[in-house]
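Chemist: Let me give you the structure first, and then I'll get to my questions.
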Amino acid sequence: MKKIVLGLAALGLAVSAAQAQTYPQRPITMIVPFAAGGPTDVIARIVGDHMSRTLGQQIVIENVAGAGGTTGITRAAQSQPDGYTIMMGHMGTHGAAPALYPSLKYDPTKDFAPIGLAAGTPIIIVAKKDFPAKDLKGFVDYMKANGEKVNMAHAGVGSVSHMTGIFFSSVIKTKPTMVTYRGTGPALNDLMANSVDYMTDQIVNVAPQIQGGTIKAFAIATPERSPALPNLPTTKEAGLDGFEVSAWNAVFAPKGTSPEIVKKLNDALVKALDDENTKKRLLDLGGVIPTGAERTPAALQKLVESEVARWTPVLKAAGATAE
Ligand code: ASP
């Protein structure tokens, strides 16, 4: 009996090795856990576009929004680990979620085969064009004076805009009213329509509207300014200490995906990040291209572990929870 089981296991390995060799033979689905048009979606489309050329198969983006990105990531984590369903996660789904969802159905540190980091995305504090403040100091003063009357947009509990928004509120000690969206793409539309007050979001979503003057930007939450928005001061330059945060997006496959397939996907991602046109598209939006050392599956695994460890106490101290 033991022999038969071992024999079957060996056969299974042989089949999966053969499948890995010929992979991919049909289109690959990349689950984006937020609405179309937002930063996760945009990064997935830019990077996926080039990856599909290397892989010789289309990468089809499927937007599965809800619960701050955890709905889509849960579905992706539970799909067949055959390389035909992958996902674009981020600092929220793979960093903040465990602190905010006590019954989260996946463990970011254990249930994935990391592929690689796709882009770094500094956080920017943006507001509707008519917001009655002209700089960060005026904005903070207004927030403190008006409390719940101010509406903060975010992409669901545990999303980057939510976690960084809570973090911002805890630094400046205010409690705005939170307004939930299925992604910061739709949130940005409402910001442009002046129907919500502000948000803290990933640069790749908001840079074009800041450049075009359709929304206001008060500061970028990184130690250095962004080359894409050279006139925008850092939070520190604008007089605010303690609010520095940069997010990231990364490609994952479900746990159990074979190492050969992980390698093929990682190679395709690395090629995309080395491609001049792909790089330019990301850089023009203020994205930060991962360094060689940051692009490996092992580096992504480490990043996820350190992000979960970093955000859990911050979010618990802020008293945030989804349930
Ligand atoms: N940037 C969003 C977030 O707050 C999600 C998105 O629409 O990509 O997590």
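Chemist: Step through the residues of segment 226-237 one at a time and calculate ³J(HN,Hα) from phi using the Karplus curve (6.51 cos²θ - 1.76 cosθ + 1.60, θ = phi - 60°), rounding each to whole Hz and writing x for Gly and Pro.
Modeler: Ordered by residue, 3J(HN,Hα) equals 8, x, 6, 9, x, 8, 8, x, 6, 4, 5, 4 Hz.
Chemist: Another question about this same structure. Testing the spin-label approximation: label points 7 Å from Cα along Cα→Cβ at Asn194 and Lys137. State their distance in nm.
Modeler: 2.7 nm
Chemist: Continuing with this model, one more query. Considering only DSSP beta bridges with both partners in the chain, what is the antiparallel share in %, to the nearest 5?
Modeler: So the antiparallel bridges amount to about 65 percent of the total.
Chemist: Determine ³J(HN,Hα), in whole Hz, for all residues of segment 266-272 in sequence, where each value follows from phi through the Karplus function 6.51 cos²θ - 1.76 cosθ + 1.60 and θ = phi - 60°; x replaces Gly and Pro.
Modeler: Karplus-based 3J(HN,Hα) across segment 266-272 equals 5, 4, 5, 5, 4, 4, 4 Hz.
Chemist: Which whole-number percent gives the relative contact order of segment 38-164, counting Cα pairs below 8 Å spaced six or more residues apart?
Modeler: 29 percent
Chemist: Report, by chain and number, residues whose modeled amide H sits under 5 Å from the one on Met178, excluding near sequence neighbours (fewer than 5 apart, same chain).
Modeler: Distant-sequence amide H within range of Met178: Met152.
Chemist: Carbon-plus-sulfur fraction of the accessible area of segment 155-281, 1.4 Å probe, in percent?
Modeler: For segment 155-281, the apolar C and S fraction of the accessible surface comes to 53 percent.
Chemist: Under a 1.4 Å probe, what is the accessible area of the chain per residue, stated in Å²?
Modeler: 43 Å²
Chemist: Moving on to the next point. Amide H of Thr85 versus every other amide H placed in the peptide plane: which residues, excluding those fewer than 5 positions away on the same chain, fall under 5 Å?
Modeler: Thr29
Chemist: Please compare each pair in Lys128/Lys173; Lys173/Lys316; Lys280/Lys316 to a cut-off of 27 Å on the Cα-Cα distance and tell me which ones are over it.
Modeler: Violating the 27 Å Cα-Cα cut-off are Lys280/Lys316.
Chemist: Glu62's amide H: which non-local residues (gap 5+, or another chain) put their own amide H closer than 5 Å, with H modeled 1.01 Å from N in plane and none for Pro or chain starts?
Modeler: Sorted by chain and number, the residues that satisfy this are Met30, Ile31, Val32.
Chemist: A further question follows. Per the Kirkwood treatment, what hydrodynamic radius in Å, one decimal, follows for segment 40-99 from the mean inverse distance over all distinct Cα pairs?
Modeler: 12.4 Å
Chemist: Same structure again: With all protein chains present, calculate the accessible area of Val42 using a 1.4 Å probe and round the result to the nearest 10 Å².
Modeler: Using a 1.4 Å probe on the heavy atoms, I get roughly 40 Å².
Chemist: Sticking with this one: Can you work out ³J(HN,Hα) from phi for every residue in segment 204-215, in order, using Karplus 6.51 cos²θ - 1.76 cosθ + 1.60 and θ = phi - 60°, giving whole Hz and x for Gly and Pro?
Modeler: So the J values, rounded to whole Hz, are 4, 7, 9, 3, x, 6, 5, 4, x, x, 8, 9.
Chemist: Would you mind computing, in nm to one decimal, how far apart the modelled labels at Gln80 and Ile289 are, each placed 7 Å from Cα along Cα→Cβ?
Modeler: With each label point 7 Å from Cα toward Cβ, the separation is 3.6 nm.
Chemist: May I ask you to derive the relative contact order of the chain, considering only C-alpha pairs under 8 Å and at least 6 residues apart, and to give it as an integer percent?
Modeler: Reported relative contact order: 28 percent.
Chemist: Probe radius 1.4 Å, ligands and nucleic acids ignored: give me the carbon and sulfur share of the accessible area of segment 47-110 as a rounded percent.
Modeler: Of all accessible area on segment 47-110, carbon and sulfur atoms account for 45 percent.
The values are calculated or read from the model by the stated rules, or taken from the named source; none is laboratory data. Given the structure is predicted, the values throughout are model-derived calculations rather than measurements. Using ideal geometry, Cβ is built from the backbone for each residue, glycine included, and neighbour counts are taken over all protein chains shown. Note: areas computed on protein heavy atoms with side chains; ligands, DNA, RNA excluded. Shrake-Rupley method; radii C 1.70, N 1.55, O 1.52, S 1.80 Å.
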